Amino acid sequence: MSDPIVFVPGLMQDARSFLPQMVGLGMRHAVQVALPIAETVERNAEAVLAGAPSRFALAGHGLGGIVALDVIRRAPDRVSCVIFLATDPLAEAPQVAAAREARMVAAKSGRLRQAMSEEIPEAALFDGHDRAAVLALVEDMALGLGEGVFLRQSRALQRRPDQQKTLRRSLLPALFLAGACDTVVPLRRQEFARDLMPNSVLKVLENAGHLPMLESPEEVTRTIEQFLSGPMILR
């Protein structure tokens, strides 16, 4: 499969979050990035579709994966396959939304670093030698995007729709990539999403947490390339 790949980064991430994959896959595929910076999932999905090729493979992390779900709900015929990383298909629970509101207040008060350290704590990543560097990159991306993007993306997460029906109805080939150490979107939630989607497989990355594309970049790139090349049997 040689369709272009559209990468949709997660909360407070820019193109650097998928840089290893864009470099690794860019020899065989055209690649582009769509940042989800609107305040609703629906508007972000519309923006992805407006800027994407007529047919494309789609990959999203976290918020980007949630946006990808809305893209395939709206325009399944334009997407050849989809890759979800650390993606939760459910609407946000009230207690989680309330905790997110507190982080939004912190960001409004000039404490974006603190808010991000609570969004993606150190414990959400694999305890490897690259963890400090990955967290430093997360902070740099967040500070570059700024408080306004954080608030809009946080609202999008708070108001996101439940996409269980989308998963059940989709016949697209799908790959779920889950870090075994992810505490933000636990493995059981990603297994649940996989089980809802008929033509899907799940790859668990033992040496990764919430940011597998940065924590285990070579394995993620290799797995995506294998998935794009043909059927995968991973269960």
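Checking Gln190 against (1) touching a Phe, Trp or Tyr at 6+ places or on another chain (Cβ under 7 Å); (2) closer than 18 Å to Cys81 by Cβ; (3) open to solvent by 40 Å² or more (accessible area, probe 1.4 Å), only one condition comes out false. Which one?
(3)
Listed here are the residues, each with its yes/no results for (1) in a helix (DSSP H, G or I); (2) at pLDDT below 95; (3) among the acidic types (Asp, Glu).
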| site | (1), (2), (3) |
| --- | --- |
| Gln153 | yes, no, no |
| Leu167 | yes, no, no |
| Phe176 | no, no, no |
| Thr183 | no, no, no |
| Glu191 | yes, no, yes |
| Val204 | no, no, no |
| Ala208 | no, no, no |
| Pro231 | no, yes, no |
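For residues that are within 22 Å of Ala115 (Cα to Cα) and β-branched (Val, Ile, Thr), tally how many sit in region 11-66.
4
Determine whether region 199-222 contains at least one residue that is under 28 Å from Ser109 (Cα atoms) and among the hydrophobic types (A, V, I, L, M, F, W, C).
Kept after step one, since they are under 28 Å from Ser109 (Cα atoms), are these residues of region 199-222: 210-211.
Next cut, among the hydrophobic types (A, V, I, L, M, F, W, C) only: 211.
Among the residues of region 199-222, at least one is under 28 Å from Ser109 (Cα atoms) and among the hydrophobic types (A, V, I, L, M, F, W, C), which makes the answer yes.
Quick check on this structure: which one of Ile37, Ile5, Ile83 is over 20 Å from Ala193 (Cβ atoms) and surrounded by 24 or more Cβ atoms within 10 Å (Cβ to Cβ)?
Ile5
Which pairs do you get when a residue that is open to solvent by less than 20 Å² (accessible area, probe 1.4 Å), found in region 139-167, comes within reach of a residue that is of a type in the set (Ser, Thr, Tyr), reach meaning Cβ atoms under 7 angstrom, with the pair 6+ apart or on two chains?
Correct list of pairs: Met141/Ser17; Ala156/Thr40.
Within the bounds of region 60-82, is there any residue that is closer than 20 Å to Glu218 by Cβ and of a type in the set (Ser, Thr, Tyr)?
The answer is no, given that none of the residues of region 60-82 is closer than 20 Å to Glu218 by Cβ and of a type in the set (Ser, Thr, Tyr).
Step by step: first the residues of region 118-138, then only those that are assigned to a loop (DSSP other than H, G, I, E, B) and surrounded by fewer than 19 Cβ atoms within 10 Å (Cβ to Cβ), then the one that is nearest to the chain's Cα centre (by Cα). Which residue is that?
So, considering only residues that are assigned to a loop (DSSP other than H, G, I, E, B) and surrounded by fewer than 19 Cβ atoms within 10 Å (Cβ to Cβ), the one nearest to the chain's Cα centre (by Cα) is Pro121.
The values are calculated or read from the model by the stated rules, or taken from the named source; none is laboratory data. Here the structure is a predicted model, which is why all the values come from computation and not from measurement. Note: ideal-geometry Cβ built from the backbone for every residue, glycine included; neighbour counts use all protein chains shown. Side chains included, ligands, DNA and RNA excluded: accessible areas come from the protein's heavy atoms. Shrake-Rupley method; radii C 1.70, N 1.55, O 1.52, S 1.80 Å.
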